[in-house]
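To keep things clear, I will list the structure first and then write my remarks on it.
The values are calculated or read from the model by the stated rules, or taken from the named source; none is laboratory data. The shown structure was predicted, so the numbers you read here are calculated from the model rather than taken from an experiment. Cβ sites come from the backbone with ideal geometry, for glycine too, and all protein chains shown count toward neighbours. Quick note on the areas: whole protein, heavy atoms, side chains included, nothing else; ligands and nucleic acids left out. Shrake-Rupley method; radii C 1.70, N 1.55, O 1.52, S 1.80 Å.
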Amino acid sequence: MQRCVVKAALWHCNLRSRSVVAKASSRCLHTSSAHLSDSALLTEDRASNASLSFASCDAEKLSGEQQYQMHNLVQGKWQQTSKSIELLDPLNGEKFISVPDTSLEEILPFVQSLRACPKSGLHNPLKNPERYLLYGEVMAKAAHLLKQPQVETFFARLIQRVSPKSFAQAVGEVVVTQKFLENFSGDQVRFLARSFAVPGNHPGQLSTGMRWPYGPVAIITPFNFPLEIPALQVLGALFMGNKPILKVDSKVSIVMEQFVRLLHECGMPLTDMDFINSDGPVMNKLLLEAEPKTTLFTGSSKVAEKLAVDLKGRVKLEDAGFDWKILGPDVQHEDYVAWVCDQDAYACSGQKCSAQSILFMHENWAKQNFVEKLKNLAARRKLDDLTIGPVLTVTTELVLDHIENLLAIPCARLEFGGKPLTNHNIPDVYGALEPTAVFVPLKEILRNEENFALATTEIFGPFQLLTEYKHEDLPLVLEACERMHAHLTAAVVSNDVLFLQEVLSNTVNGTTYAGIRARTTGAPQNHWFGPAGDPRGAGIGTPEAIKLVWSCHREIIQDVGPIPDSWKTPHCT
């Protein structure tokens, strides 16, 4: 999944949360030396407002002294496991959350829960149709609750605590989720199951196409968008009548635990979904034993391919993306384009599956000192406001080794960054690196398979590759795009219609922005987000994505007669 360039001005002009955003933004979010003890953001209105009654933790108070014990949810009950894992605060290394460490011996209730769900689902167009209306009501209530400033801030700060990013980025994730809930309020859930009919060959015959659930399903989501990705996918599964088991990366799963509690408060039945915390091998064993009819996986390509084999192809994948951006020949609005490039590459410390991985610059842009603009924008990012922060899946050493390997390519050069962050207490298990860009000549990238594999290695952190091309080199740029394996997002930054036509007609990325305002990071609630070029590809957020991922087509042909009185048994054929 990520994902979304959050324009601070857009969120700050949101009247319902302007005061909350201002309060949170004014506070120092860097807690390397001492944990924030001021919980005013969450407590100042509690006396008169019970909007946080669903919450079982306080995002501001999580610390070594006040560790929070998480729970699994199975068969409608919140439960602990025999062992737990203590998570380290990404900013100071303090143990602050205890996560259930489900063992192989403890997966049986989850297996039984999934197996108890029939293939026809908890509801479908012919069974329990009132549940479509139930979820419309739950969404209306949840949308209203998540729109409350104190609830919005609670989730934004909780996201920041476990997946450090700027407040604007964190609250943007909450807003997208809230808008999704609004979009599927009222009758919109049952509209997802809209059927169609085709006249038959004789009276009494009618063919009806229906959207049918799979029944028991599984969802596995990553760390980088702790709320948006799992919330949108699990709700899509529920809308269509499935019973999901949800596993979120344990480093951030506290966010979704709290959101599930919010849904329960808004009327979601306790037994409609299960929520598990475990390591990868345990979850893999659970899937093999429970045999969900489909599994949605968002995350690394390596794990995605393993699951596809283990689960015999019964998967939907939104895997990693080495996402490209092409700057066309028409140079204009340089400051704006540079700002978008900076956001695409380095917002959330580059930890978005849609982050800008490689920038193909037409020579016209290079002549305008465009790289210098990128360098200056990157220099503004700082740990104090989390516009740069911990990298949760890649160590500093690994990134530095990758940079060194790239610089061994002839004529490659470090444009900026390439140094570890200083003056922090980020644990060594996480990465801490300045926003970094390495330039590699296009022809050197394409020279051989070794160079190409190295240049297109995805680094899930604040890192991007830069290269330059002349107009006659556009076929080489398109060759590079064709040879890449992941086709999630892309951007063609140009208002030259013929240039756009040439690039768009010869590429495949599932979510592609085109025009002078094009970006690579964008997963709002109003358009499809997902890869293309793979029949296993999954989408998120839109009615089309929900129907594709969480339902299948079922054709029911009614043929009730009448049978003509003159009918006689014909000759056999």
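Remarks
- Of all residues in the stretch 237-252, at least one satisfies being open to solvent by 10 Å² or more (accessible area, probe 1.4 Å), under 19 Å from the mean Cα position of the chain (by Cα), under 20 Å from Val99 (Cβ atoms) and among the acidic types (Asp, Glu).
- Verdict on Thr208 being farther than 23 Å from Gly541 by Cβ and touching a Ser or Thr at 6+ places or on another chain (Cβ under 8 Å): yes
- The set of residues in the stretch 417-440 that are of a type in the set (S, T, N, Q) and buried (at least 18 other Cβ atoms within 10 Å of the Cβ) contains only Thr436.
- Tallying residues that are of a type in the set (A, V, I, L, M, F, W, C), over 30 Å from Leu383 (Cβ atoms) and open to solvent by less than 50 Å² (accessible area, probe 1.4 Å) within the stretch 73-122 yields 8.
- Among the residues of the stretch 282-306, those that are of a type outside the set (Ser, Thr, Tyr), open to solvent by 10 Å² or more (accessible area, probe 1.4 Å) and either outside any helix (DSSP H, G or I) or without any contact (Cβ under 8 Å) to a residue 24 or more places away in the chain (or both) comprise Leu288, Glu291, Lys293, Phe297, Gly299, Lys302, Val303, Glu305, Lys306.
- Matching strands (runs of 3 or more DSSP E) fully within the stretch 468-573 where at least 1 residues are touching a residue at least 60 places away in the same chain (Cβ under 8 Å), under 26 Å from Asn451 (Cα atoms) and open to solvent by less than 80 Å² (accessible area, probe 1.4 Å): 489-493
- Residues satisfying the stated conditions in the stretch 162-188, i.e. over 18 Å from the mean Cα position of the chain (by Cα) and crowded, with 24+ Cβ neighbours inside 10 Å: Phe184
- Count of the stretch 160-207 residues, restricted to those that are on the phi > 0 side of the Ramachandran plot and either among the aliphatic types (A, V, I, L, M) or without any contact (Cβ under 8 Å) to a residue 24 or more places away in the chain (or both), is 0.
- Residue list for the stretch 55-72, filter: among the small types (Gly, Ala, Ser), at pLDDT 95 or above and surrounded by fewer than 16 Cβ atoms within 10 Å (Cβ to Cβ): Ser56
- Leu398 assigned to a helix (DSSP H, G or I), in contact with a Gly (Cβ under 8 Å, 6 or more places away or on another chain) and surrounded by fewer than 21 Cβ atoms within 10 Å (Cβ to Cβ): yes
Conditions tested, residue by residue: (1) in contact with a Leu (Cβ under 8 Å, 6 or more places away or on another chain); (2) at positive phi; (3) not in a helix (DSSP H, G or I).
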residue	(1), (2), (3)
Val337	yes, no, no
Cys348	no, yes, no
Ile358	yes, no, yes
Glu372	no, no, no
Ala378	no, no, no
Gly389	yes, no, yes
Asn405	yes, no, no
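- With respect to the conditions (1) farther than 16 Å from Val337 by Cα; (2) charged (D, E, K, R); (3) in contact with a strand residue (DSSP E or B) (Cβ under 8 Å, 6 or more places away or on another chain), Arg519 falls short on a single one, namely (1).
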